[in-house]
Amino acid sequence: PFETPQDIINDMDRLGIWQTVVEYPRACNALYTNKNLLEEIKKVENYKERIIPSFVVDLYTVLRNDTLAELVKMMRENKPCCVTLQPKNFTQVFSSIEHIVEKLTDEISVFFIDYDQFSAESDWQTLVKTANRFPKNKFVVRQFTAGGNPPLFDAMLRATNIYAEMGVFHLRDEIMAYAELFGIDHVLFSAGPFSVGGANQAMITYTDISEE
């Protein structure tokens with residue numbers, strides 16, 4: 001919903017938020033997109049203190065030595081940073097995320113992946129396998145919306161380094177259950193997209209989770 005990183009900063013100031021992660025939601029060329037992101041971020045005052053870039057990365061970028069080297073250089077010059085995995089958006093098989101993490105595990109601590117990138121039960125099995133293979137990395141599943149007993153619940157039971165971002169999830173009792181079972185540090189909240197209005201802030205306010 002934001003045109004520029006400065007628009008994000010303006011909204012953060014309105015909400016009293018100091019720091020955020022910024023990425024391009026869609027990309028067809030990973031390196032080109034990430035370069036553009038950095039150019040836009042650097043227009044913001046105090047950008048290194050307020051914005052953490054998350055680079056979109058596809059399989060082809062990490063398989064080629066030249067593009068991998070350029071990507072790693074970009075990451076080292078802009079730490080702290082994260083990576084956003086988008087296998088479906090790049091029309092690549094979900095299992096490609098394991099190869100990407102393997103190439104970047106020493107450079108990146110946190111990998112984001114949106115809930116809509118998963119298409120089959122095998123995708124969740126791949127996430128669990130990858131998370132257990134790289135235990136020092138953290139894998140954050142974002143825009144989690146499903147109630148009941150979704151695959152994410154099972155995945156978090158099988159790998160302690162998988163986290164749930166619940167910025168668009170509003171079922172109070174289930175949020176409390178996740179926080180109690182996995183620990184509040186494994187249940188993350190974001191401002192969420194404009195489409196849900198202020199429901200996410202209200203959810204945080206009325207969910208009875210200890211500040212500790």
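The values are calculated or read from the model by the stated rules, or taken from the named source; none is laboratory data. It should be emphasised that the depicted structure is a prediction, and the values quoted were computed from it without experimental measurement. As a convention, Cβ positions derive from the backbone with ideal geometry for all residues, glycine included, and neighbour counts pool all protein chains shown. Keep in mind that these areas ignore ligands, DNA and RNA; they rest on the heavy atoms of the full protein, side chains included. Shrake-Rupley method; radii C 1.70, N 1.55, O 1.52, S 1.80 Å.
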(message) Cβ-Cβ under 7 Å, sequence separation 6+ or interchain: first residue in the stretch 151-166 and within 18 Å of D116 (Cβ to Cβ), partner open to solvent by less than 50 Å² (accessible area, probe 1.4 Å) and part of a loop (DSSP other than H, G, I, E, B). Which pairs?
(response) L152/F144; A164/F144; E165/F144; E165/S190; M166/F144
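In the stretch 87-99, which residues are outside any helix (DSSP H, G or I) and open to solvent by 40 Å² or more (accessible area, probe 1.4 Å)?
Taking the stretch 87-99 as the starting set, the residues that turn out to be outside any helix (DSSP H, G or I) are 87-95.
Scanning the stretch 87-99 gives K88, N89, T91, V93, S95.
Quick one: is F182 modelled with pLDDT of 80 or more and touching a Lys or Arg at 6+ places or on another chain (Cβ under 9 Å)? Reasoning before the result, please.
Details: modelled with pLDDT of 80 or more: yes; touching a Lys or Arg at 6+ places or on another chain (Cβ under 9 Å): no.
No: the conditions fail for F182.
What residue, among those in the stretch 119-139 that are among the aliphatic types (A, V, I, L, M) and modelled with pLDDT of 95 or more, is nearest to V93 (Cα to Cα)?
Filtering the stretch 119-139 down to residues among the aliphatic types (A, V, I, L, M) leaves 120, 127-128, 131.
Remaining after also requiring modelled with pLDDT of 95 or more: 127-128, 131.
Values: L127: 12, V128: 16, A131: 17 Å.
Top of the filtered list is L127.
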(message) Among the residues of the stretch 16-37, what is the count of those that are open to solvent by less than 70 Å² (accessible area, probe 1.4 Å) and in a helix (DSSP H, G or I)?
(response) 6
(request) Counting only residues that are out of contact with any Gly (no Cβ under 8 Å at 6 or more places or on another chain) and open to solvent by 50 Å² or more (accessible area, probe 1.4 Å), give me the strands (runs of 3 or more DSSP E) lying completely in the stretch 100-183 with at least 1 of them. (result) 138-142
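Identify, please: which residue in the stretch 38-85 is acidic (D, E) and surrounded by 14 or more Cβ atoms within 10 Å (Cβ to Cβ) and is, among those, farthest from G16 (Cα to Cα)? Don't jump to the end; show me each part of the working.
Step one: filter the stretch 38-85 for residues acidic (D, E), giving 39-40, 45, 49, 58, 66, 70, 77.
Next, from what is left, pick out any that are surrounded by 14 or more Cβ atoms within 10 Å (Cβ to Cβ): 40, 58, 70.
Numbers: E40: 22, D58: 34, E70: 35 Å.
It comes out as E70.
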